[in-house]
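Engineer: For reference, the structure I am asking about is given below.
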Amino acid sequence: MQHFRQALLWPLRLVPAPGAAPSHHGPWHVLRDMGEASPWREEVDEYTGDSGRFHERHYNEFVSFLPYVQRFLYGEGRSREQAHGTAAGNDGDSPMRVFRRRDIASVRLVARPGEAPITLDVIHCDLYFFFDIDVVLLNLEVGTDHLSLAQAQDLLYRFGRAYPSGWEPDGAALHCMTSVEWLDVEGRVLAASDAQQRDAFLSHVAQHRAPRIAAHWAYLMQPLVSDHSDDPGVLRYRQIEYYRMPVMAYLSLDDPRRLTRDDFVRLALVTGAGGADAHLPYAEHHLADFEHKYCYDRFWVNAGAAPNTRYLCNGHALIVVGDARSEFFCCRDRGVLAQFRHQHFLLFLIAHFQKASLLMFSDQLVEALKKLDIRSTPSVKQFKRAIRASFERFLRFTHRYWFHEISEQAQVRALSHMCATHLRLDPLYDEVKARIADMNTYLDADSLRRQASTVVRLTVVTLFGLIGTVTTGFLGMNLLAEAEAPLWRKAIWFGVVFVLTTWLTIYTMVKSQRLSDFIDALSNDRLSFRGKMAALVRVWRAGSD
């Protein structure tokens, strides 16, 4: 293999720190305000920085997407911002913010005990934030030259794991890299994996009922910290998807036609290397529709600018395999490598951002229900506010970030559809939408029920108050002729009547539910006179509700 690129994309949910006051600013403001205390710096890219850095590959990336996707990815241009009197980098221009750290130059990996280490160059390490959505995506791109196919398969299978899934009998971490070390530009170790420390992971799960993030990934995310760790930090995150990070890979091979069907299955489904006696990793009937389901073979022909190029996609992974002898396939400005790092990465990012956002909304609904205590009025009010807020955010997500078509270019559109289909985005969207709608319908029904109850009570009070009003006001009659009385006597009578009327009104309100039942009994023609009198007696009988 001439060249290998691997891009990991780790979706995480952002959660507020315990006791932190609600903030109206985006979470990226915390990183901005930290200054030198944070290794992350806001990325001034080709669209927001010097126009001289804007190259043809960036133009090709931009025009690949439809206008509403362009606004999501790039925001408004600088000339439009200046015309409206806003500065570049204003939070209102683009819904997406990118922060990059440059202190990590490479990563040294050991796949299995006893194997020679492999050092990969860190191309970039970014954090993607999104306006109004409590999700952050970590993107790590690494690359190297002259790997074997088995080494590449093992890297894809073992590297992007947030924590071990288990341990071998000898204590080795299961399916993980034996060793991972972040290196600076001088080759010094900045952080290393602790996946072999089984007891630390076991005790963390036993205490927190949540997995422990491996040390090298926890270091990479700093100053963001896991919400289930004891580390202090304002920006906290939780795992929202599977512990294996979505992965993209670019493989430049001397002769891709020499790859067997077993090789492609292992690449597409990211199952790791097969060993010397390699065979299909799954049953043949399970892979009967493999080519139709997971392969995009439009360019899998011995012709064209990039012959023998094959795309493999299972939603969790997007792999491109091609011929190293093709200049177009290896070109980083106009060719497949440029497309892999720009158009294909963005369509992969959009799909996983949408999935992570939908899972976040689902989590927020569950948390709101967990905190609900119907016997506590403050809890009910807090629940209503949380559901209303989720409904409003979901509406904004739908109109700002949810799209079925992102491009009219056949290749971009086809790969985007493959990602969305395998990730089951449409069923997930419908499920979350239905759950939020059910919650909102419940709140509306509860509000109508409370309003109806209030109307009934007011009607009862009005009805019984009408009796006294008509009685005392018949033909303008005055029961007490105090028109010529002194002012002090009028004030006394006013106070007495006011107190009695207020007490009677309040008492009627207290008994309004039972009085309403009595009125219903009076209007029931099928109820006997004795039954109606019994309903009247129940107004004052204790415990009759």
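Engineer: Inspect the range 197-206 for any residue being of a type in the set (F, W, Y), surrounded by 15 or more Cβ atoms within 10 Å (Cβ to Cβ) and under 29 Å from the mean Cα position of the chain (by Cα) and give the result as yes or no. Outline the logic, then answer.
Structural biologist: Of all residues in the range 197-206, those of a type in the set (F, W, Y) come to 201.
Next cut, surrounded by 15 or more Cβ atoms within 10 Å (Cβ to Cβ) only: 201.
Those left that are additionally under 29 Å from the mean Cα position of the chain (by Cα): 201.
So far as the range 197-206 goes, yes, one or more of its residues are of a type in the set (F, W, Y), surrounded by 15 or more Cβ atoms within 10 Å (Cβ to Cβ) and under 29 Å from the mean Cα position of the chain (by Cα).
Engineer: Looking at L359, L337, which is the one that is under 16 Å from the mean Cα position of the chain (by Cα) and either farther than 30 Å from R424 by Cα or touching a residue at least 60 places away in the same chain (Cβ under 8 Å) (or both)? Give the derivation first.
Structural biologist: Values: L337 fails: under 16 Å from the mean Cα position of the chain (by Cα).
Selected residue: L359, the only one of L359, L337 that is under 16 Å from the mean Cα position of the chain (by Cα) and either farther than 30 Å from R424 by Cα or touching a residue at least 60 places away in the same chain (Cβ under 8 Å) (or both).
Engineer: Now for a different question. Taking C176 as the residue in question, decide whether it is buried (at least 18 other Cβ atoms within 10 Å of the Cβ) and part of a loop (DSSP other than H, G, I, E, B).
Structural biologist: Yes: the conditions hold for C176.
Engineer: May I pose another question? Six or more apart or on different chains, Cβ under 7 Å: which pairs go from a residue in the range 17-30 that's modelled with pLDDT of 65 or more and β-branched (V, I, T) to one that's assigned to a loop (DSSP other than H, G, I, E, B) and surrounded by fewer than 17 Cβ atoms within 10 Å (Cβ to Cβ)? Could you list them?
Structural biologist: Pairs that qualify, where the first residue is modelled with pLDDT of 65 or more and β-branched (V, I, T) and the partner is assigned to a loop (DSSP other than H, G, I, E, B) and surrounded by fewer than 17 Cβ atoms within 10 Å (Cβ to Cβ), are V30/V234.
Engineer: Continuing with the same structure: Can you name the number of the only condition in (1) out of contact with any Phe, Trp or Tyr (no Cβ under 7 Å at 6 or more places or on another chain); (2) in a helix (DSSP H, G or I) that G304 fails?
Structural biologist: If we test G304 against (1) out of contact with any Phe, Trp or Tyr (no Cβ under 7 Å at 6 or more places or on another chain); (2) in a helix (DSSP H, G or I), just (2) comes out false.
Engineer: Would you check which residues across the range 295-330 are in contact (Cβ under 8 Å) with a residue 60 or more places away in the chain and more than 19 Å from R5 (Cβ to Cβ) and list them?
Structural biologist: R298, G315, listed by residue number.
Engineer: In the range 190-225, which residues are free of Cβ contacts under 8 Å to residues at least 24 places away in the same chain and β-branched (V, I, T)?
Structural biologist: Passing the criteria: V205, V225.
Engineer: Could you identify the single residue in V234, V205 that is among the β-branched types (V, I, T) and assigned to a loop (DSSP other than H, G, I, E, B)?
Structural biologist: Values: V205 fails: assigned to a loop (DSSP other than H, G, I, E, B).
Just a single option satisfies the conditions, and that option is V234.
Engineer: Inspect all residues belonging to the range 444-454 and state whether any of them is closer than 27 Å to H316 by Cα and surrounded by fewer than 16 Cβ atoms within 10 Å (Cβ to Cβ).
Structural biologist: Within the range 444-454, the first condition is being closer than 27 Å to H316 by Cα, and the residues that meet it are none.
No; the residues of the range 444-454 include none that is closer than 27 Å to H316 by Cα and surrounded by fewer than 16 Cβ atoms within 10 Å (Cβ to Cβ).
Engineer: Another one. Among the candidates L259, L251, which residue alone is surrounded by 11 or more Cβ atoms within 10 Å (Cβ to Cβ) and either free of Cβ contacts under 8 Å to residues at least 24 places away in the same chain or under 30 Å from Y128 (Cα atoms) (or both)? If you could, list the steps in order and put the result at the bottom.
Structural biologist: Working: L259 fails: either free of Cβ contacts under 8 Å to residues at least 24 places away in the same chain or under 30 Å from Y128 (Cα atoms) (or both).
So the residue among L259, L251 that is surrounded by 11 or more Cβ atoms within 10 Å (Cβ to Cβ) and either free of Cβ contacts under 8 Å to residues at least 24 places away in the same chain or under 30 Å from Y128 (Cα atoms) (or both) is L251.
Engineer: Here's a follow-up. If you take the residues of the range 95-104 that are in a strand (DSSP E or B), crowded, with 18+ Cβ neighbours inside 10 Å and not aliphatic (A, V, I, L, M), which of them is modelled with the highest pLDDT?
Structural biologist: This residue is F99.
Engineer: Considering only residues that are more than 24 Å from H146 (Cα to Cα) and hydroxyl-bearing (S, T, Y), look in the range 235-280 and name the one that is farthest from the chain's Cα centre (by Cα).
Structural biologist: Y243
Engineer: Can I ask one more? Just checking, which of S528, S544 is at pLDDT below 70, loosely packed, with under 14 Cβ neighbours inside 10 Å, over 18 Å from T462 (Cα atoms) and not basic (K, R)?
Structural biologist: On the way: S528 fails: at pLDDT below 70.
Exactly one residue qualifies, and that residue is S544.
The values are calculated or read from the model by the stated rules, or taken from the named source; none is laboratory data. All of these numbers come straight from a predicted model, not from anything done at the bench. Quick reminder, even Gly has a Cβ in these numbers, built from the backbone with ideal geometry, and neighbours come from all protein chains shown.
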